[in-house]
1. Do the conditions hold for B:Arg194, that is, is it closer than 22 Å to B:Tyr139 by Cβ, surrounded by fewer than 17 Cβ atoms within 10 Å (Cβ to Cβ) and either free of Cβ contacts under 8 Å to residues at least 24 places away in the same chain or in contact with a His (Cβ under 8 Å, 6 or more places away or on another chain) (or both)?
2. For region B:106-147, which positions are among the polar types (S, T, N, Q) and in a helix (DSSP H, G or I)?
3. Identify the residue in region A:58-102 that is within 21 Å of B:Gly115 (Cα to Cα), without any contact (Cβ under 8 Å) to a residue 40 or more places away in the chain and buried (at least 19 other Cβ atoms within 10 Å of the Cβ) and, among all such residues, is farthest from the other protein chains (Cβ to nearest Cβ).
4. Take region B:133-165 and flag every residue that is at the interface with chain A (Cβ under 9 Å from one of its Cβ atoms) and within 15 Å of the chain's Cα centre (by Cα).
5. Would you confirm, using the coordinates I've provided, whether B:Ile65 is surrounded by 19 or more Cβ atoms within 10 Å (Cβ to Cβ), within 12 Å of the chain's Cα centre (by Cα) and not acidic (Asp, Glu)?
6. It is to be established whether one or more residues within region A:104-123 are loosely packed, with under 15 Cβ neighbours inside 10 Å, more than 8 Å from chain B (Cβ to nearest Cβ), more than 11 Å from A:Pro40 (Cα to Cα) and without any contact (Cβ under 8 Å) to a residue 24 or more places away in the chain.
7. For the condition among the basic types (Lys, Arg), under 30 Å from B:Ile172 (Cα atoms) and surrounded by fewer than 21 Cβ atoms within 10 Å (Cβ to Cβ), what is the one hit in B:Arg55, B:Arg3?
8. Would you mind telling me which numbered condition in (1) surrounded by fewer than 18 Cβ atoms within 10 Å (Cβ to Cβ); (2) more than 18 Å from B:Thr190 (Cβ to Cβ) B:Ala81 fails?
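Derivation of every value follows stated rules applied to the coordinates shown; laboratory data play no part. All values derive from a computational prediction rather than experimental measurement. Virtual Cβ from ideal backbone geometry, glycine too; neighbours counted across all protein chains shown.
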Amino acid sequence: MNPRRKKRLTWVAVLVIGVSVATGLMLYALSQSIDLFYTPTELVEGKGKDKQKPQVGQRIRVGGMVVEGSVERNRETLEVSFEITDIGPEVTVLYQGILPDLFREGQGIVAQGELIEPTVLKASEVLAKHDEEYMPPELAEQMKGIKHVNPNKVEEGGEQ
Amino acid sequence: MWRWLHPYAKPEATYHLLQKLLPWFVALTLVTLVTGVIWGLAFAPGDYQQGDSYRIIFLHVPSAIFSMGAYMGMAIMGAIALIWQIKTAEWSIPAIAPVGAALTVVALLTGAIWGKPMWGTWWVWDARLTSELILLFLYVGVMALYFAFDDARTGAKAAAILSLVGVINLPIIHFSVEWWNTLHQGATITKFERPSIATSMLIPLLICLAGFAFLTVSLVMMRLKNEILRHELHRPWAQQRLEQD
C-alpha cells in the first residue's frame, strides 16, 4: 500500500473509532433515559447507581409481567386493575379502556401513566410487549401447556 | 492476494461483470422471494398467540436486516472510495442508498402495522424503533450530501464520510433490545443460540431472507450499472454499448 493510501486509511480508522467512542460514552451517560420503562424492582428499590426513585405524581412507564390471577374487571365499566411484577415486588396498575389483543395473564406489558402511590400506577395507556418466540398452537400446547390464559375467554366460559 | 480485483477498478470491467451476473441474481430473487412469501403467507402455521398477524415478519424481518446490511455495504464502499479513490466505489454510494432507504421504510411501516393490533400502538419512542428511524435519516442524509456539491467527487467524499460515521448506528440498532429495556421484542433468529421460532416458520423465513438478500443485490447492481453508464457516456465503450441495446 503506498504511503498516501496508508495515511488515508489511518484517517478513516481514526474517524470510525473516534465516533464510536464518542457515541459509546454518550449512550452510556444517557443509558437511564433511553430505557423505555421502569421495572417494578427499579420502581421500588430505585434505578441506577444513585438509586433514583420516581416521585408520586410523576408520569412514568412501568413494564413487567401480568401476575396470574390478578386481573380484576369491573362488570359495569371498562375499569380494570392488575398486578405486574418482574422478579420481586409487585406494582398495581389501574386502567380504564380497551386492552390490546395480546394482553394475557403471564404476558409482558408496558403501562404509561401517573404514579398515584409509591406502587400504584393510574395508567392512561397499556401496551402489550410480545416475546421473541413464535410457534404454532399445537407446539405451544406440547411445550408450554399453554400458560397464557386469555382472561376474557375464561370469564365468558363461566369459570373462575 | 487482491490482484484479481485490480481490473475492476476500471468502470468498464465492472459494468461487464454486472451485466453477466445480473440475470442470475434476478432469477434467484424471483425464485426465492416468490417461494418464501407464498410459503410464509399462505402455508406456514399460525402463531399460538398472534394468529395470522405474525405473518408480517416474513416481510418485516428481512427488510429490517437488509436495511442494515445495505448500509454496511454502502459504508464499506465509502471507505474504499476514501482510501483507494476508486470511482466505481464512489458511484455505488448513490446506487445503494435509495435501495437501503426503501428497505428501512418497509421495515418501519410493516412494524407499525403489526404494532397497532399487537402492542396497541403504531409507534413508541423506544431504542429499537428510534435507532431504525435514525438509519432512515442517515440514508437520506447520505443521498442529500452526495448531490449537494457542484463537484461530484467532493459530494462523493462527503457522502462517504457520513456513511462511515453512521456505521456506529448499526450495532446500536442490533443490540438496542439487549442494552436497554424496549417495547420491541428481542432477537428471534439473529443470535448465537437456537432461534426461538418453530422450524415450520423458520424455513419460510430463511427463504424470505435469501429472497430479500438477492433482491437488494439485484437492485443495487441495476442502479450501479446505470450510474456507470451515466458517468462514462462520453467514452467509446459506453456509446457502443448503448448502440447495441
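1. Against the criterion (closer than 22 Å to B:Tyr139 by Cβ, surrounded by fewer than 17 Cβ atoms within 10 Å (Cβ to Cβ) and either free of Cβ contacts under 8 Å to residues at least 24 places away in the same chain or in contact with a His (Cβ under 8 Å, 6 or more places away or on another chain) (or both)), B:Arg194 does not qualify.
2. B:Thr110, B:Thr130, B:Ser131 - these are the residues of region B:106-147 that are among the polar types (S, T, N, Q) and in a helix (DSSP H, G or I).
3. Result: A:Tyr95.
4. Correct list: empty.
5. Here the answer is yes, as B:Ile65 does meet what is asked.
6. Scanning region A:104-123, I find no residue that is loosely packed, with under 15 Cβ neighbours inside 10 Å, more than 8 Å from chain B (Cβ to nearest Cβ), more than 11 Å from A:Pro40 (Cα to Cα) and without any contact (Cβ under 8 Å) to a residue 24 or more places away in the chain, so the answer is no.
7. Step by step, each of B:Arg55, B:Arg3 is checked, and only B:Arg55 is among the basic types (Lys, Arg), under 30 Å from B:Ile172 (Cα atoms) and surrounded by fewer than 21 Cβ atoms within 10 Å (Cβ to Cβ).
8. All conditions pass for B:Ala81, except number (1).
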